[in-house]
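Below is one structure, written out as structure tokens; comments come after it.
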Amino acid sequence: MWDAEQYLRFADERARPFFDLVDRIDHPAPRLVVDLGCGAGGLTATLLERWPEAKITGIDSSEEMIGRALKRAIPGRLEFERTDIAAWCAAEPLDVIVSNACFHWIPAHRRLLENLVAHLAPGGVLAFQVPDNFDAPSHTIVRELSTSPAWRDRLGDLPQAAVESPGWYAETLMHLGLDAKVWRTTYKHLLEGENPVLEWLSGTTLRPVLARLDGDERDRFINQLGPLLASAYPQGPGGTLFPFRRIFVVARLPG
Ligand SMILES: C[S@@+](CC[C@H](N)C(=O)[O-])C[C@H]1O[C@@H](n2cnc3c(N)ncnc32)[C@H](O)[C@@H]1O
């Protein structure tokens, strides 16, 4: 379902929240670090410099993404595994679990967090970032088109992203015994190119939609969606402004 090339078209904009998240992780000397939903592994590899003593493992369920990530592997230092996070189990307690822009693809966040916290070593940190823009035009327009009479038989039952509120994450992690810092930020991306919001979504949100459709249907869907997105996100003198709200969580298990 994933197209690494398309996803990486906006690599700089997509990397910023990863670095903003990782900057806030304060662990004296992590030995074992896991990046859940590591994608093509480029951001995972930057953790080698951040924690030179750690063994870093990237986990992703996509064959295409993990295929690319494996080209960066350094045995014993930077490894990658193709696994579904919902079924994933670490062999040893972990010092840092990081995840950027992935958990919204995974339902049942209480169960997910319980499982991840159970993998932390004492003093371990769970840090993740999820998009929180599902009420923005970029998403409501896709949802409305997918459930319109023309498309609802093919697309009406697609699962929606599973993201809770910042308060929910803070409270749930507090009840699991962690000291959680939770915050929300809106990035005002300035994108270049023709209808860049359509291009952005084609690398993420539209993947499950397009995977359902055959070639002609895809073209028809994109031809209907394109003008709707272009008018919701008009081009300005310096590019197209694309506000994108995200939730950040950095939670520590007592040592
Ligand atoms: C939007 S990309 C983010 C990639 C990378 N973390 C980054 O920030 O560039 C989301 C990634 O999560 C992975 N993913 C989604 N659901 C997953 C699951 N259940 N188990 C493992 N990986 C998953 C996808 O394959 C994809 O590579």
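Restricting segment 183-204 to residues that are touching a Leu at 6+ places or on another chain (Cβ under 9 Å) and open to solvent by 40 Å² or more (accessible area, probe 1.4 Å) leaves a set whose member that is nearest to LEU228 (Cα to Cα) is GLU199.
Criterion first (touching a residue at least 60 places away in the same chain (Cβ under 8 Å), open to solvent by 70 Å² or more (accessible area, probe 1.4 Å) and either among the charged types (D, E, K, R) or not in a strand (DSSP E or B) (or both)) does GLU49 satisfy it? No. Of all the numbered requirements in (1) aromatic (Phe, Trp, Tyr); (2) closer than 17 Å to ALA101 by Cα; (3) over 19 Å from the mean Cα position of the chain (by Cα), TYR187 misses one, and that requirement is (3). Every listed requirement among (1) closer than 21 Å to LEU210 by Cβ; (2) within 11 Å of the ligand (Cβ to nearest atom); (3) over 14 Å from the mean Cα position of the chain (by Cα) is met by GLU81 save one, (1). Of the helices (runs of 4 or more DSSP H) lying entirely inside segment 85-200, the ones with 3 or more residues being touching a residue at least 40 places away in the same chain (Cβ under 8 Å) are found at 109-118, 137-146, 166-175.
Among the residues of segment 205-234, write down those that are free of Cβ contacts under 8 Å to residues at least 24 places away in the same chain and open to solvent by less than 30 Å² (accessible area, probe 1.4 Å). Can you show your working first?
Let us first name the residues in segment 205-234 that are free of Cβ contacts under 8 Å to residues at least 24 places away in the same chain, namely 210, 214-216, 218-220, 223, 227, 231, 234.
Passing the criteria: only LEU210.
Yes or no, residue by residue, for (1) polar (S, T, N, Q); (2) within 12 Å of the ligand (Cβ to nearest atom); (3) in contact with a Ser or Thr (Cβ under 7 Å, 6 or more places away or on another chain):
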| site | (1), (2), (3) |
| --- | --- |
| ARG16 | no, yes, no |
| GLY39 | no, yes, no |
| THR44 | yes, yes, no |
| SER62 | yes, yes, no |
| ILE74 | no, no, no |
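The values are calculated or read from the model by the stated rules, or taken from the named source; none is laboratory data. Remember, predicted model here, so these are calculated numbers, not experimental data. Reconstructed Cβ throughout: ideal geometry from the backbone, glycine too, with neighbour counts over all protein chains shown. Protein only, heavy atoms only, side chains kept; ligands, DNA and RNA dropped before computing areas. Shrake-Rupley method; radii C 1.70, N 1.55, O 1.52, S 1.80 Å.
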